[in-house]
1. Of these, LYS81, LYS28, LYS75, which one is within 10 Å of the chain's Cα centre (by Cα) and among the charged types (D, E, K, R)?
2. Applying the selection to the range 124-146, what residues are within 22 Å of LEU44 (Cβ to Cβ) and polar (S, T, N, Q)?
3. Of the numbered conditions (1) open to solvent by 50 Å² or more (accessible area, probe 1.4 Å); (2) of a type in the set (Ser, Thr, Tyr); (3) at pLDDT 75 or above; (4) more than 13 Å from the chain's Cα centre (by Cα), SER107 satisfies every one except a single condition; which is it?
4. Taking the conditions exactly as written (at pLDDT 90 or above, outside any loop (DSSP other than H, G, I, E, B), farther than 20 Å from GLY127 by Cα and of a type in the set (Ser, Thr, Tyr)), does THR68 satisfy them or not?
5. Could you please tell me which pairs satisfy a Cβ distance under 6 Å, a separation of 6+ or placement on different chains, a first residue in the range 77-92 that is at pLDDT 90 or above, and a second residue that is of a type in the set (Asp, Glu)?
6. What are the residues in the range 21-75 that are open to solvent by 50 Å² or more (accessible area, probe 1.4 Å), closer than 16 Å to GLY114 by Cβ and either free of Cβ contacts under 8 Å to residues at least 12 places away in the same chain or not hydroxyl-bearing (Ser, Thr, Tyr) (or both), if any?
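The values are calculated or read from the model by the stated rules, or taken from the named source; none is laboratory data. Values in this document were obtained by computation on a predicted structure and should not be read as measured data. Glycine gets a Cβ as well: all are built from the backbone with ideal geometry, and neighbour counts include every protein chain shown. Surface accessibility is based on the protein's heavy atoms, side chains included, excluding ligands, DNA and RNA. Shrake-Rupley method; radii C 1.70, N 1.55, O 1.52, S 1.80 Å.
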Amino acid sequence: MNISNFIQDIKTTFTANLEIKKIKLYFKTNAEDNLMINFDIESLMIIVNNLISNAIKYSNSNTSIYLTLNFTKSKMLLMVKDEGFGISENEKETIFSRFYQTKNNTSNSGFGIGLSLTNNLIKKLNGKISLETAVNVGSVFKVELPLIIDNYNLNTTPVSYTHLRAHETSLHL
């Protein structure tokens, strides 16, 4: 799978929904255009689609969503940050349960399956997901998936430790 094509497919998938709500989608990666990975593309697409779809659904108009896809020698790090409604602290643990919907979900449709499916796929891929959130501020979903990249140094842009820490801090809520 070519990472550039994967990201372009994601942008195309959500163009109409983003335009309707006047939400901007920003993307950042350390992958070079030629990075090819051997990965379960269908599962990765479902994970990214569910996280972005929820970010759009639970965000007000005229906000932004940030998608980050970074690679280390042994991991794929995916982050979706929104400026949406957020999730209360007492709902954080149950948000990944099947059929669970937040108490804030008064006007959005859905069955409460997306995050449960996403969590199950991530576990199937031996990864993990975490959530940082604040009500009326937004949410940050972070996904770590194991992945070995051949010629890692040739296919990614170096990120210094201090730059990475500053980048992570700026994306926290």
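1. LYS81
2. ASN126, SER130, SER139
3. Just one mismatch for SER107, condition (3).
4. It is false that THR68 is at pLDDT 90 or above, outside any loop (DSSP other than H, G, I, E, B), farther than 20 Å from GLY127 by Cα and of a type in the set (Ser, Thr, Tyr).
5. From the range 77-92, the pairs are LEU77/GLU144.
6. Correct list: GLU42, ILE46, LYS57.
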